[in-house]
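Encoded as structure tokens, the structure appears first; notes follow it.
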Amino acid sequence: MPSAHLQDYVRKHQVVRFLFGPEQNIPHKVYSPRPEICLVFYIRDLQQVSYATDPRQLSHPRCTLIGQHTVVTNRFTGRDFWALQIVLQPSALYRLTGIPTYELTNTFLDAEAVWGKKIRDAQEEMANSDDVDSIIRIAEAFFEKIIRQAREILI
């Protein structure tokens, strides 16, 4: 669960970790549609995704905003896959950025295009850690900054 002061924006944190040996076949995961918007920090290897309408595997950026999907996707990981998914509350993306969530339906976006160097710095700090609690603290510190910034714009 996120810290209490972030719960108006963040519904939950999800840590996903897969380690595959050099001889292991890496399976892909089929994702059914989910009614959520996520900010994902890829700590180690990146994820790739393919859609039924376009079988190409598209690489996610290091920091990715994933929109609500209404279609099934296939997700592919690397041998050392570690991601922190920040599942946002409904309307949180719009309140923080002004981006309507429907613009991200069935797609993903480089979060650096939205938050610039601040998010890249947070991801790089996470990549230099091996501790889950530290990674979550870094992500929450980033969210505190963008929430403060969004509130200042409204004032």
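The values are calculated or read from the model by the stated rules, or taken from the named source; none is laboratory data. Everything numeric here is computed off the predicted structure, so don't read it as measured data. As a convention, Cβ positions derive from the backbone with ideal geometry for all residues, glycine included, and neighbour counts pool all protein chains shown.
Observations on the model:
- Tally of residues being surrounded by fewer than 20 Cβ atoms within 10 Å (Cβ to Cβ), under 22 Å from GLY116 (Cβ atoms) and touching a residue at least 24 places away in the same chain (Cβ under 8 Å) across region 68-98: 3
- Within region 16-48, being farther than 30 Å from SER91 by Cβ, assigned to a loop (DSSP other than H, G, I, E, B) and touching a strand residue (DSSP E or B) at 6+ places or on another chain (Cβ under 6 Å) holds for HIS28, ARG44, ASP45.
- Of all residues in region 30-60, those satisfying the criterion of being surrounded by 13 or more Cβ atoms within 10 Å (Cβ to Cβ) and of a type in the set (D, E, K, R) are ARG34, GLU36, ARG44, ASP45.
- Selection within region 52-71 - out of contact with any strand residue (DSSP E or B) (no Cβ under 8 Å at 6 or more places or on another chain) and hydrophobic (A, V, I, L, M, F, W, C): ALA52
- Within region 67-102, considering residues that are more than 14 Å from the chain's Cα centre (by Cα) and basic (Lys, Arg), the one farthest from ARG137 (Cα to Cα): ARG79
- Each residue in region 66-88 was checked for being polar (S, T, N, Q) and modelled with pLDDT of 95 or more, and 1 pass.
- Residues that are free of Cβ contacts under 8 Å to residues at least 60 places away in the same chain, more than 23 Å from GLY78 (Cβ to Cβ) and either touching a Ser or Thr at 6+ places or on another chain (Cβ under 9 Å) or surrounded by 12 or more Cβ atoms within 10 Å (Cβ to Cβ) (or both), drawn from region 1-29: none
- Among the residues of region 49-63, just one is closer than 27 Å to ALA4 by Cα and either outside any strand (DSSP E or B) or modelled with pLDDT under 95 (or both), namely ARG62.
- The residues on offer are PHE108, PHE142, and the sole one that is more than 30 Å from GLU23 (Cβ to Cβ), out of contact with any strand residue (DSSP E or B) (no Cβ under 7 Å at 6 or more places or on another chain) and modelled with pLDDT of 90 or more is PHE142.
- For region 60-93, the set of residues classified as closer than 23 Å to HIS13 by Cβ and polar (S, T, N, Q) consists of THR64, GLN68, THR73, THR77, GLN85, GLN89, SER91, listed by residue number.
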